[in-house]
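Q: Next up is a structure, given as structure tokens.
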Amino acid sequence: MATYINVPVAPPAQSARRTERIKLYGLDAFAGMRRAGALTARCLDEIAALVRDGTPLSEINTFVLDFAATHDARPATLGYKGYEYACCTSVNHVVCHGAPTARKLRADDIVNVDVTLVLDGWYGDASRMYAVGKPKIAAERLIRIAHEAMMRGIRAVRPGARLGDIGHAIQSYAASQRCSAVRDFCGHGIGQVFHDSPNILNVGKRNTGPELREGMIFTVEPMINLGRPDVKMLADDWTAVTRDRSLSAQFEHSIGVTAEGFEIFTLSHQGLHMPGVDLAVAQT
Ligand code: MF3
Ligand code: CO
Ligand code: CO
């Protein structure tokens, strides 16, 4: 009789409700996240062509609506807690949750576009920084730092590491670059719910917090400011801006914890990881 070793034990099916407990997911969930994540990544790839001088932010919203509709997906933000748009567009000193209004993009703007597409019940949540034309030196530096901060947070992920290790990696890197990590917003568990536990803070202490385990699924999404970390909410109660009006940048990936470390579900298959920098030469 054959004996089997190292056969992965599928965790029990997870409910599609937010829970205090951190859910552990199996192969089917990872497959679902891979598909949803890839779709969100493709949507973000295509948005790059829209980020030009004169494009109203609302055009990006319309694009995401159409893209979702043609791919049997749904934008998770539409109607979420009263938010009325298919994506967030956060320009310059806007930290996050900027609304895609009639405001037109113009030369030297940098903008984060954050898209969450739900495909077959799975949520793919990701964001990237874009730029109109070639970004100014300080803006390009900030974009690179925000991307590296996210990647350092992600690289801290493996079974046995702890949640605080992620925030520590982000915060210490931002500080080493004389930038600051925003404390008022964080990443989150994700899966068949938009925002689940645990909170993935952008600051933290090494070796603190819950232990990371294979099968966990969450986002890493640091916002990095050129100036102070403090944010201010605008009157619409959604838009967060830097209190000192310094530039802010953010990247986000949805990831899963694997036996080896991590899997990124929302990677660009076109290599457009930092559109604002990667495409700077191609733009005019
Ligand atoms: N996509 C954002 C995140 O990364 C959440 C946006 S919620 C909204 O978690 F309502 F502002 F759209
Ligand atoms: Co998110
Ligand atoms: Co997001």
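The values are calculated or read from the model by the stated rules, or taken from the named source; none is laboratory data. Keep in mind the model is a prediction, meaning the values are calculated, not measured. A quick note on method: Cβ atoms are made from the backbone with ideal geometry, for glycine too, and the neighbour counts reach across all protein chains shown. Areas reflect the complete protein model, heavy atoms only, side chains present, ligands, DNA and RNA absent. Shrake-Rupley method; radii C 1.70, N 1.55, O 1.52, S 1.80 Å.
Q: Being surrounded by fewer than 21 Cβ atoms within 10 Å (Cβ to Cβ) and within 16 Å of ligand 2 (Cβ to nearest atom) narrows it down to one of D196, D184, so name that one.
A: Just a single option satisfies the conditions, and that option is D184.
Q: With the condition being crowded, with 20+ Cβ neighbours inside 10 Å and either within 16 Å of ligand 2 (Cβ to nearest atom) or on the phi > 0 side of the Ramachandran plot (or both), I'd like the strands (runs of 3 or more DSSP E) fully within region 199-246 carrying at least 3 qualifying residues.
A: Answer list for region 199-246: 217-220.
Q: For region 247-261, give me each residue that is open to solvent by less than 10 Å² (accessible area, probe 1.4 Å) and touching a strand residue (DSSP E or B) at 6+ places or on another chain (Cβ under 8 Å).
A: Scanning region 247-261 gives S248, A249, Q250, F251, E252, S254, I255, G256, V257.
Q: Quick check on my filter: what residues within region 92-114 are more than 16 Å from ligand 1 (Cβ to nearest atom) and open to solvent by 20 Å² or more (accessible area, probe 1.4 Å)?
A: The answer is N92, H93, A102, R103, K104, R106, A107, D108.
One line per residue, one yes/no per condition, for (1) open to solvent by 40 Å² or more (accessible area, probe 1.4 Å); (2) at pLDDT 95 or above; (3) part of a loop (DSSP other than H, G, I, E, B):
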| position | (1), (2), (3) |
| --- | --- |
| D28 | yes, yes, no |
| R34 | yes, yes, no |
| A38 | no, yes, no |
| E46 | yes, yes, no |
| D53 | yes, yes, yes |
| I60 | no, yes, no |
| V64 | no, yes, no |
| A86 | no, yes, yes |
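Q: Turning to a different aspect of this structure: So which residues in region 199-217 are touching a Pro at 6+ places or on another chain (Cβ under 7 Å) and within 16 Å of ligand 3 (Cβ to nearest atom), if there are any at all?
A: N202 - this is the single residue of region 199-217 that is touching a Pro at 6+ places or on another chain (Cβ under 7 Å) and within 16 Å of ligand 3 (Cβ to nearest atom).
Q: Go through region 247-262 and count every residue that is more than 19 Å from T40 (Cβ to Cβ) and not in a strand (DSSP E or B).
A: 5
Q: Another question about this same structure. Quick one: A169 ticks every box in (1) surrounded by 19 or more Cβ atoms within 10 Å (Cβ to Cβ); (2) closer than 19 Å to S254 by Cα; (3) in contact with a strand residue (DSSP E or B) (Cβ under 7 Å, 6 or more places away or on another chain) bar one, so which box is it?
A: So the condition that A169 fails would be (3).
Q: If I go through region 120-141 residue by residue, how many of them are more than 16 Å from the chain's Cα centre (by Cα) and either of a type in the set (A, V, I, L, M, F, W, C) or assigned to a helix (DSSP H, G or I) (or both)?
A: Residues in region 120-141 being more than 16 Å from the chain's Cα centre (by Cα) and either of a type in the set (A, V, I, L, M, F, W, C) or assigned to a helix (DSSP H, G or I) (or both): 7 in total.
Q: Of the numbered conditions (1) assigned to a strand (DSSP E or B); (2) under 30 Å from R228 (Cα atoms); (3) in contact with a helix residue (DSSP H, G or I) (Cβ under 8 Å, 6 or more places away or on another chain), L117 fails exactly one; give the number of that condition.
A: Among (1) assigned to a strand (DSSP E or B); (2) under 30 Å from R228 (Cα atoms); (3) in contact with a helix residue (DSSP H, G or I) (Cβ under 8 Å, 6 or more places away or on another chain), L117 violates only (2).
Q: Determine which member of the set T70, T89 is over 30 Å from G209 (Cα atoms) and free of Cβ contacts under 8 Å to residues at least 12 places away in the same chain.
A: Being over 30 Å from G209 (Cα atoms) and free of Cβ contacts under 8 Å to residues at least 12 places away in the same chain holds for just one of T70, T89, which is T70.
Q: Those residues that are over 16 Å from F194 (Cα atoms) and open to solvent by less than 60 Å² (accessible area, probe 1.4 Å), I need them from region 69-84; list them, please.
A: Residue satisfying the conditions is H71 alone.
Q: Could you list, in sequence order, the residues of region 109-149 that are within 12 Å of ligand 3 (Cβ to nearest atom) and in contact with a Pro (Cβ under 8 Å, 6 or more places away or on another chain)?
A: V115, T116, L117, R128
Q: Whether any residue in region 168-177 is part of a helix (DSSP H, G or I), within 16 Å of ligand 1 (Cβ to nearest atom) and not basic (K, R) is what I want to check.
A: Yes, because at least one residue in region 168-177 is part of a helix (DSSP H, G or I), within 16 Å of ligand 1 (Cβ to nearest atom) and not basic (K, R).
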